[in-house]
Amino acid sequence: NYSFGKNRLGNPDVIKLLGTELNFQVIVCPQILIHDQIVSSSIIRECIISGNVSKACELLGRPYQIVGKVVHGEKRGRIIGFPTANLQTDFSLLPKNGIYATISKIDNKYYHSVTHIGPRPTFQNNIPVIETYVLDQNFDIYDQTMDVCFIQWIRDLEKFDSIESLKQAIASDVERARKILSEESCLAEL
């Protein structure tokens with residue numbers, strides 16, 4: 001169902017004709033259906049934007065991932081017992097603001113993680129960030145490249161009344177991520 005050009009008049013038949021004229025091979029792939037739904041880039045984008053990263057994973061056949069450089073942050077996570085890697089990325093397609101069970105790739109090794117996307121309302125900070133807590137690790141990875149693979153949405157962002165309430169919520173997020181990541185089928189695609 002691909003179309004291109006002025007008034008979207010180009011289609012697979014036009015590409016085949018161009019292939020014959022310009023000596024390149026054209027292979028037209030049939031539409032792919034998963035659970036009676038056509039797989040398309042538009043549907044996958046909608047899933048990611050809405051935070052339904054597990055459905056995006058199913059449609060892509062692998063987790064959706066972003067790549068970026070680990071940069072210095074405000075080090076609040078370290079102070080409250082959950083040191084995070086702050087990711088600077090050029091990716092414009094990000095999942096909706098929230099907390100996610102993720103898998104992070106650092107130096108070709110995979111680690112279970114929890115990722116926060118968006119502002120930090122508890123600290124009255126409206127600047128959106130991407131920060132990842134790598135479970136059971138505490139290493140210096142500043143200036144390194146990190147891939148973050150989104151497995152499942154955990155919850156929306158919240159403003160907590162105290163740092164202690166925030167710590168309890170993060171601990172709960174970590175336990176939920178452990179459970180999700182121990183049973184998630186999409187992990188086989190990594």
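For region 69-76, just list the computed ³J(HN,Hα) in residue order, Karplus coefficients 6.51, -1.76 and 1.60, θ = phi - 60°, integers in Hz, with x standing in for Gly and Pro.
9, 7, 10, 5, x, 8, 6, 5
With each run of n ≥ 4 DSSP H residues scored as -39500 (n - 2.57), what mean residue ellipticity at 222 nm is computed for the chain after dividing by its residue count and rounding to the nearest 500 deg cm²/dmol? Could the numbers behind the result be given before it?
Working: 5 runs with 53 residues, N = 190.
Estimated from H runs of four or more residues: -8500 deg cm²/dmol.
To the nearest 20 debye, what charge dipole does the chain have about its Cα centre, counting +1 at the Cβ of each Lys and Arg and -1 at the Cβ of each Asp and Glu? Don't jump to the answer; show the numbers that get you there.
Details: 20 positive and 22 negative charges, 54 e Å.
With only Lys, Arg, Asp and Glu charged at Cβ, the dipole is about 260 debye.
Expressed as a whole percentage, what fraction of the accessible surface of region 9-50 belongs to carbon and sulfur atoms when a 1.4 Å probe is rolled over the protein heavy atoms? Working shown, then result.
Details: 2010 of 3350 Å².
It is 60 percent, rounded to a whole number.
State which entries of Lys109/Lys179; Lys105/Lys179; Lys6/Lys69; Lys75/Lys105 exceed 28 angstrom in Cα-Cα distance in the structure shown.
Exceeds cut-off: Lys6/Lys69.
Kindly give Rg over Rh for region 117-190, based on alpha-carbon atoms, with the Kirkwood expression for the hydrodynamic radius. Provide the component values of the computation, followed by the final result.
On the way: Rg = 14.0 Å, Rh = 14.4 Å.
Taking Rg over the Kirkwood Rh, I get 0.98.
Along the charge dipole of region 50-170, which of Leu60, Tyr133, Pro83 sits closest to the positive end, that is, farthest toward it, with unit charges on the beta carbon of Lys, Arg, Asp and Glu (+1, +1, -1, -1)?
Leu60
Computed from these coordinates, which is Rg and Dmax of the Cα atoms in Å: [x] 18.8, 72; [y] 18.5, 68; [z] 20.2, 69?
[z]
Of the heavy-atom accessible surface of region 121-179 (probe 1.4 angstrom), what whole percent is carbon and sulfur?
Values: 1540 of 3370 Å².
Carbon and sulfur atoms account for 46 percent of the accessible area of region 121-179.
What residue among Ile44, Val174, Asn11 has its Cα farthest toward the positive end of the dipole of the chain, where the charges are +1 on Lys, Arg and -1 on Asp, Glu, each on the Cβ?
Ranked along the dipole, the leading option is Asn11.
Label points 7 Å out from Cα along the Cβ direction at Asp36 and Leu93: separation in nm?
Roughly 2.7 nm, to one decimal.
Calculate the spin-label point distance for Arg45 paired with Arg62, positioning each point 7 Å from the Cα along the beta-carbon direction, and give it in nanometres.
Rounded to a tenth, the inter-label distance reads 2.1 nm.
Excluding residues fewer than 8 places away in the same chain, name every one of the aspartates and glutamates whose C-alpha is closer than 18 Å to that of Lys55.
In chain and number order, the partners are Asp36, Glu46, Asp156, Glu183, Glu184, Glu189.
Hey, can you find the accessible area per residue of the chain for me, probe 1.4 Å, expressed in square angstrom?
On the way: 11470 Å² over 190 residues.
I get 60 Å² per residue for this part.
Quick query: amide H of Ala85 versus all other amide H atoms, modeled in the peptide plane; which residues come in under 5 Å with a sequence gap of 5 or more or a different chain?
Distant-sequence amide H within range of Ala85: Thr132, Tyr133, Val134.
The values are calculated or read from the model by the stated rules, or taken from the named source; none is laboratory data. This is a predicted model, so every value here is computed, not measured. Please note: Cβ atoms are built from the backbone with ideal geometry, for glycine as well, and neighbour counts cover all protein chains shown. These accessible areas exclude ligands, DNA and RNA; they are computed on the full protein's heavy atoms, side chains included. Shrake-Rupley method; radii C 1.70, N 1.55, O 1.52, S 1.80 Å.
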